[in-house]
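S.K.: This is the structure I have questions about; it appears just below.
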Amino acid sequence: MSVINTKFKQISLLLIGSIFVIVFIVGMLYPRQIKRIIKKLIAWDAIFYDSSCKNCEELFQDGVAEHENAYRYEGIKPREDFKDLQKLLDRRILMEIKTSENYEVEQMDASLPGLLPKGYRFINRLAREYRARCIQNKLAYIPFRITSAVRTKESVKALRKRNGNAIENSAHLKGKTIDISYLFKKTDLKQKELFIQSLAKLKAEGLCYVKYETNMKCLHITCR
């Protein structure tokens, strides 16, 4: 019996070690995908973030046609892959957006953090408007989170397989569109309301089109 038990323990340790090595390798190769899976498993968003978006359905109804109109005569030519897109960033045709005191730029697996100068100016104008409201209401400024920016034909094709909102002629191909999450921490609901008010104001001024996307928990924004 002792010999059997010893072999069983050896096999068990071998299996556990093999599983650990496989998980480690997969984690190194696909860190973003693994992070997304872990978040879903532990319901991270449901625990810490509020998924409501007060008045968003009424305020932000701009559909595909409106977003297309915004880039009909303006925007980059859609690129095939990230290598081609990176060239536009290197030449500063697209401006790289980075996490700052105004906003957080999340890791992106289907897009690059870049926008045309008009888009770059827009997100900073949005930040100024939102910050002014926070100051007026004597609230701490909570940076908003940009979850997606400019995409390629290749990344849109891959995204369409798992995202029902993605379309072939995506506005994200043109360099003037971003997605901003409306998931704010449950402790920051007043700031969320002020952010939505700020975005609605810029929309009313004719500076952007906005679509409220419930599946992806984001506001799909195209600059005008």
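The values are calculated or read from the model by the stated rules, or taken from the named source; none is laboratory data. It should be emphasised that the depicted structure is a prediction, and the values quoted were computed from it without experimental measurement. FYI the Cβ positions are ideal-geometry reconstructions off the backbone, even for glycines, and counts take in every protein chain you see. We work out accessible area using only protein heavy atoms, side chains counted, and drop any ligands, DNA or RNA first. Shrake-Rupley method; radii C 1.70, N 1.55, O 1.52, S 1.80 Å.
S.K.: Among the listed residues Leu29, Leu41, Leu59, identify the single one that is touching a helix residue (DSSP H, G or I) at 6+ places or on another chain (Cβ under 6 Å) and either surrounded by 13 or more Cβ atoms within 10 Å (Cβ to Cβ) or modelled with pLDDT under 90 (or both).
M.R.: Just a single option satisfies the conditions, and that option is Leu59.
S.K.: Continuing with this model, one more query. For region 130-146, how many residues are open to solvent by less than 60 Å² (accessible area, probe 1.4 Å) and either at pLDDT below 95 or assigned to a helix (DSSP H, G or I) (or both)?
M.R.: 4
S.K.: Restricting to region 67-88, name every residue that is in a helix (DSSP H, G or I), over 19 Å from the mean Cα position of the chain (by Cα) and either of a type in the set (A, V, I, L, M, F, W, C) or surrounded by 14 or more Cβ atoms within 10 Å (Cβ to Cβ) (or both).
M.R.: Residues satisfying the conditions are Glu68, Ala70, Tyr71, Asp84, Leu88.
S.K.: Can you tell me which residues in region 95-129 are part of a strand (DSSP E or B), among the acidic types (Asp, Glu) and either under 9 Å from Ile146 (Cβ atoms) or open to solvent by less than 10 Å² (accessible area, probe 1.4 Å) (or both)?
M.R.: Passing the criteria: only Glu104.
S.K.: Mind checking which pairs have a first residue in region 89-110 that is free of Cβ contacts under 8 Å to residues at least 60 places away in the same chain and a second that is surrounded by fewer than 16 Cβ atoms within 10 Å (Cβ to Cβ) and not hydrophobic (A, V, I, L, M, F, W, C), Cβ under 8 Å, 6 or more apart or different chains?
M.R.: Pairs found: Leu89/Glu96; Met95/Pro117; Asn102/Asn124; Val105/Lys98; Val105/Thr99.
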